[in-house]
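See below for the structure under consideration.
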Amino acid sequence: MPKLRIEDLQKISDRVKRTTLLRQGASRAKVNVHMGTCGIAAGSRKIVDALLKIIEEKDVKDVILTTSGCAGLCSREPMATIELAGEAPVKYIDLTEEKIRKIFTEHVLGGKIVREYALAIGSEREHM
Amino acid sequence: MKPYRLNLMVCAGTGCVANNSFGIKKALEEELRKRGLENEVQVVSTGCNGFCAEGPLMVVQPGNIFYRRLTEKEIPFLVEEHFLKGRPVQKLMYVPPKEKAPIPTMDSIPFFRDQTLIALRNRGLIDPTKIDEAIGRGGYTALAKVLTSMKPEEVIKIIKASGLRGRGGGGFPTGVKWETCRKAPGEPKYIVCNADEGDPGAFMDRSIIESDPHSVLEGMLIGAYAVGSQNGYIYIRQEYPLARERLIIAIEQAREYGLMGQNIFDTGFNFDVQIARGAGAFVCGESTALMASIEGRVGEPRAKYIHTVEHGLFNLPTCLNNVETWATVPVIILRGVEWFTSIGTGDVSENPWGGSKGTKVFSLTGKVNNTGLVEVPMGITLRKIIFDIGGGITEGKRFKAVQTGGPSGGFLPAELLDLQVDFEQLTEAGSMMGSGGMVVMNQDNCMVDMAKYFLTFTQDESCGKCTPCREGTLRMMQILKRITEGKGTEEDMTTLEELSHFVIDTSLCALGGSAPNPVLTSLRYFRDEYEAHIKQKKCPAHACRQLNLYMIDPELCAMKGHGCGVCMRQCPEKAITGEKGKAHSIDQAACKKCGVCYDVCKFAAVQIS
């Protein structure tokens, strides 16, 4: 391994940034894929895989991908909730791998909600 | 880099490792593979998280979900519920004593919430065997700043102004030490890290090295630059194999990256370290004995009117600091003097001894609910540490005393619980900060017995060079033994005090200079216990068994216990007699006061008077 120059410290830091931020729980956006039994049966694992693939492709470092249980609307699974920091969460339904790719690119990276795939904006519970 | 969506930070400090942390890791990895999750969920072994009472521990990031007391049996359920379906498992979460609801996140748990992490800033967040992760958390940026934009004198100025004082027990202002070493004539100069940590019950330094060895290396590099040294030694005790292993890996990785060795960062600065192993002697934590040990001589201290910063290792200028001190240095460089001096007590702008700045790591042990490692700002009260962070006394019993500073420290009673923890206030009360050990005692501990316990340790570890220490501690221990056996006299208390002051005044090093502290403080604050042992031949805490009178209450035995006979069967001396169904009794002549009958009686019929 070559000797480090001072600039290399920042490069290494960038390279592990995703891990560092992940462990600190810091992020710009949170993508939550619903994985109750209904979700898994409907194919939400493929949605998670597609998301991981695009995160790797685009070398995204500050987006957290989580899973949670059933959201209640089992007939519209697979579903995912996208929450950008400081904005209301958006629920997307009837997902496929192509749809989630589009949603990730346009909403998570671009900041624009993809209305034709969205169910609702906002949370059904009060924000604490 | 492969994107993981979850990192399972499994605590792998020595405590959790002894409790099967590596087995848990393996079970997790296996189960994740079975579920096809191994590319999404990463399992990381980190250093000690500090909450040792609840180990094996794991923190799930992101989300800060805290799991404790894990066993391999629960892993499959945990993986399915939380990591696949995203539902954190409540029954594996921490529940505070006397409460019902679990606290899911680490930073809401009082034990963690009330701490301020500086020396332990990276604990639980990095894999200590991966230098890249330490760099990702800012490792070596302080060194880069120092080497490219600061002169050695400027570094010394900053450390002086910060008020950083030695964390090994001496509390000597670090900046002053570095300055004197820099000015001392003689080449080459040496940097030494004292990782001997001999105090029983202390594991602060071990945890720092196991969790974040690079913080210590970076501190030493900065110190070497400030003082003008190119050679360092890390003296680590033989009893710390895991810490030494992680240190060796860290040094190798630092060398590979050119962060240690020749021409670091192309600035012409050279520095490298060697590891020296201790061989089991407590006295080798004393700086002159430590240096003698490195040189291959017998580990005995020498008089310190000639300072080691001028004549130390191989008779050359040597700057020795404790692990925690080194680990704090890089943070001060990065965050500055104003920030550091805003934490702690006193005022160090004129006088470096004028206050205690920054934080201190304590190993909280004994009769507290939350035993473990805590880092708190100087100036926090003992009450807050023991009751808020420590979760109070186990089994709802009463607090009696806290011993700070290891075997060199003293006992502080309940009246002093609101004492602020800093160097001066603890010393004034008769104890000391020491390296950070804190042993909590309750009503079942006998203070005379505890003084005997600590004195037995220091007596055993005395190197023998100074007659007052060697003989004086032995005589003190013999007196204490007699007192706990009911053979003490009133004169003994005076003799103990005289001997204590004599040993303190005439010992060459701090071992003898502080070994009598437990005796002096127990006499000062718990004299009534000594008097009970001497005058009434009784131990109020019932811990000195020879002084206990074990008797069976005939009513309780017959009515409640129905003469069950369990005690009779367990008595090793066959001193108990009685018929089934009727009250039993103890033959006092045969009774050897082992206390087994008291322990096994389910009806509290065996009583101690």
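Starting from residues that are surrounded by fewer than 14 Cβ atoms within 10 Å (Cβ to Cβ) and more than 7 Å from chain B (Cβ to nearest Cβ), keep the ones in the range A:1-19 and report whichever is modelled with the lowest pLDDT.
Among those that are surrounded by fewer than 14 Cβ atoms within 10 Å (Cβ to Cβ) and more than 7 Å from chain B (Cβ to nearest Cβ), it is A:2.
How many residues are charged (D, E, K, R) and in contact with a strand residue (DSSP E or B) (Cβ under 7 Å, 6 or more places away or on another chain) if we restrict to the range B:588-609? I'd like the intermediate steps shown before the answer.
Taking the range B:588-609 and keeping what is charged (D, E, K, R), we get B:592-593, B:599, B:602.
Those still in the list that are in contact with a strand residue (DSSP E or B) (Cβ under 7 Å, 6 or more places away or on another chain) too: B:593.
Looking only at that region, the number is 1.
Filter the range B:86-132 down to residues that are charged (D, E, K, R), surrounded by 16 or more Cβ atoms within 10 Å (Cβ to Cβ), closer than 28 Å to residue A:33 by Cβ and touching a residue at least 24 places away in the same chain (Cβ under 8 Å), then give me how many there are.
Residues that pass the stated criteria total 1.
What single numbered condition from (1) under 21 Å from residue B:218 (Cα atoms); (2) more than 13 Å from every other protein chain (Cβ to nearest Cβ); (3) touching a helix residue (DSSP H, G or I) at 6+ places or on another chain (Cβ under 6 Å); (4) in a helix (DSSP H, G or I) fails to hold for residue B:146?
(2)
Report the residue count in the range A:25-47 for those that are assigned to a helix (DSSP H, G or I) and at the interface with chain B (Cβ under 7 Å from one of its Cβ atoms).
Here the count works out to 0.
In the range B:184-210, what count of residues is obtained for those that are out of contact with any helix residue (DSSP H, G or I) (no Cβ under 7 Å at 6 or more places or on another chain) and within 25 Å of residue B:225 (Cα to Cα)?
5
Pick out the one residue from B:255, B:244 that is in contact (Cβ under 8 Å) with a residue 24 or more places away in the chain, of a type in the set (D, E, K, R) and in a helix (DSSP H, G or I).
B:244
Confirm whether residue B:141 is of a type in the set (Ser, Thr, Tyr), within 19 Å of residue B:66 (Cβ to Cβ) and crowded, with 17+ Cβ neighbours inside 10 Å.
For residue B:141, the condition - of a type in the set (Ser, Thr, Tyr), within 19 Å of residue B:66 (Cβ to Cβ) and crowded, with 17+ Cβ neighbours inside 10 Å - is not met.
Within the range B:303-328, work out how many residues are farther than 15 Å from residue B:171 by Cα and surrounded by 14 or more Cβ atoms within 10 Å (Cβ to Cβ).
Applying the first criterion (farther than 15 Å from residue B:171 by Cα) to the range B:303-328 yields B:303-318, B:327.
Pick out the ones that are also surrounded by 14 or more Cβ atoms within 10 Å (Cβ to Cβ) and you get B:307-313, B:316-318, B:327.
Qualifying residue count, the range B:303-328: 11.
Pairs, please: C-beta under 6 Å, at least 6 apart or cross-chain, first residue in a loop (DSSP other than H, G, I, E, B) and in the range B:550-563, second surrounded by fewer than 18 Cβ atoms within 10 Å (Cβ to Cβ)?
B:553/B:607; B:560/B:603; B:561/B:603; B:562/B:581; B:563/B:580; B:563/B:581; B:563/B:582
Just checking, which of A:21, A:9 is in contact with an Asp or Glu (Cβ under 6 Å, 6 or more places away or on another chain) and closer than 30 Å to residue B:264 by Cβ?
A:21
Given the condition polar (S, T, N, Q) and in contact with a strand residue (DSSP E or B) (Cβ under 8 Å, 6 or more places away or on another chain), answer yes or no: does some residue in the range B:556-577 qualify?
As a first pass, look at the range B:556-577 and keep what is polar (S, T, N, Q): B:570, B:577.
Then drop every residue that is not in contact with a strand residue (DSSP E or B) (Cβ under 8 Å, 6 or more places away or on another chain), which leaves B:577.
Yes: the range B:556-577 contains one or more residues that are polar (S, T, N, Q) and in contact with a strand residue (DSSP E or B) (Cβ under 8 Å, 6 or more places away or on another chain).
Can residue B:476 be described as touching a Gly at 6+ places or on another chain (Cβ under 8 Å), crowded, with 21+ Cβ neighbours inside 10 Å and either at pLDDT below 95 or part of a helix (DSSP H, G or I) (or both)?
When the stated conditions are applied, residue B:476 does not pass them.
With the checklist (1) of a type in the set (Phe, Trp, Tyr); (2) touching a Leu at 6+ places or on another chain (Cβ under 8 Å); (3) farther than 30 Å from residue A:31 by Cβ in hand, flag the one item residue B:22 doesn't pass.
(2)
Quick check on the range B:538-546. Is at least one of its residues surrounded by fewer than 18 Cβ atoms within 10 Å (Cβ to Cβ), assigned to a helix (DSSP H, G or I) and free of Cβ contacts under 8 Å to residues at least 40 places away in the same chain?
Looking through the range B:538-546, none of the residues is surrounded by fewer than 18 Cβ atoms within 10 Å (Cβ to Cβ), assigned to a helix (DSSP H, G or I) and free of Cβ contacts under 8 Å to residues at least 40 places away in the same chain.
Taking the options A:15, A:5, A:76, name whichever one is of a type outside the set (Gly, Ala, Ser), farther than 21 Å from residue B:8 by Cα and out of contact with any strand residue (DSSP E or B) (no Cβ under 9 Å at 6 or more places or on another chain).
Working: A:15 fails: farther than 21 Å from residue B:8 by Cα; A:76 fails: out of contact with any strand residue (DSSP E or B) (no Cβ under 9 Å at 6 or more places or on another chain).
After ruling out the rest, the residue left standing is A:5.
List the helices (runs of 4 or more DSSP H) that sit entirely inside the range B:7-120 and contain at least 3 residues that are out of contact with any helix residue (DSSP H, G or I) (no Cβ under 8 Å at 6 or more places or on another chain), of a type in the set (D, E, K, R) and more than 14 Å from chain A (Cβ to nearest Cβ).
B:21-34
Please enumerate the residues belonging to the range B:121-141 that are part of a loop (DSSP other than H, G, I, E, B) and on the phi < 0 side of the Ramachandran plot.
B:121, B:122, B:123, B:125, B:126, B:127, B:128, B:129, B:130, B:137, B:139
Among the strands (runs of 3 or more DSSP E) lying completely within the range B:388-452, list those that include at least 3 residues that are in the same structural domain as residue B:374 (by TED's automatic domain parsing), buried (at least 20 other Cβ atoms within 10 Å of the Cβ) and in contact with a Pro (Cβ under 8 Å, 6 or more places away or on another chain).
On the way: elements: B:399-404, B:410-413, B:437-442.
It comes to B:399-404.
Given the criterion facing chain B (nearest Cβ under 7 Å), part of a strand (DSSP E or B) and under 24 Å from residue A:106 (Cα atoms), identify the matching residue among A:65, A:22.
A:65
Which residues, counting only those in the range B:175-194, are acidic (Asp, Glu) and surrounded by fewer than 19 Cβ atoms within 10 Å (Cβ to Cβ)?
B:187, the sole residue that qualifies.
Just to check your reading of the model, which residue among B:500, B:522 is touching a strand residue (DSSP E or B) at 6+ places or on another chain (Cβ under 8 Å) and in a helix (DSSP H, G or I)?
B:522
Looking at this structure, is residue A:86 surrounded by fewer than 19 Cβ atoms within 10 Å (Cβ to Cβ), more than 12 Å from chain B (Cβ to nearest Cβ) and not β-branched (Val, Ile, Thr)?
The answer is yes for residue A:86.
Provide a single number: the residues in the range B:149-166 that are away from chain A (no Cβ under 14 Å) and not in a loop (DSSP other than H, G, I, E, B).
Here the count works out to 12.
Looking only at the range B:366-387, which residues are in contact with a strand residue (DSSP E or B) (Cβ under 6 Å, 6 or more places away or on another chain), under 15 Å from residue B:344 (Cα atoms) and in a loop (DSSP other than H, G, I, E, B)?
Those that are in contact with a strand residue (DSSP E or B) (Cβ under 6 Å, 6 or more places away or on another chain), under 15 Å from residue B:344 (Cα atoms) and in a loop (DSSP other than H, G, I, E, B): B:378, B:379.
Would a scan of the range A:39-49 turn up a residue that is buried (at least 21 other Cβ atoms within 10 Å of the Cβ) and either among the β-branched types (Val, Ile, Thr) or within 15 Å of residue A:108 (Cα to Cα) (or both)?
Yes; the residues of the range A:39-49 include at least one that is buried (at least 21 other Cβ atoms within 10 Å of the Cβ) and either among the β-branched types (Val, Ile, Thr) or within 15 Å of residue A:108 (Cα to Cα) (or both).
Going through the range B:258-274 one residue at a time, which ones are within 11 Å of residue B:147 (Cα to Cα) and in contact (Cβ under 8 Å) with a residue 60 or more places away in the chain?
B:264, B:265, B:267, B:269
Which residues, counting only those in the range B:258-294, are among the hydrophobic types (A, V, I, L, M, F, W, C) and part of a helix (DSSP H, G or I)?
The answer is B:282, B:283, B:284, B:289, B:290, B:291, B:292, B:294.
The values are calculated or read from the model by the stated rules, or taken from the named source; none is laboratory data. Because the structure is a prediction, the values reported are computed rather than measured. Note that each Cβ is placed from the backbone with ideal geometry, even for glycine, and that neighbours are counted across all protein chains shown.
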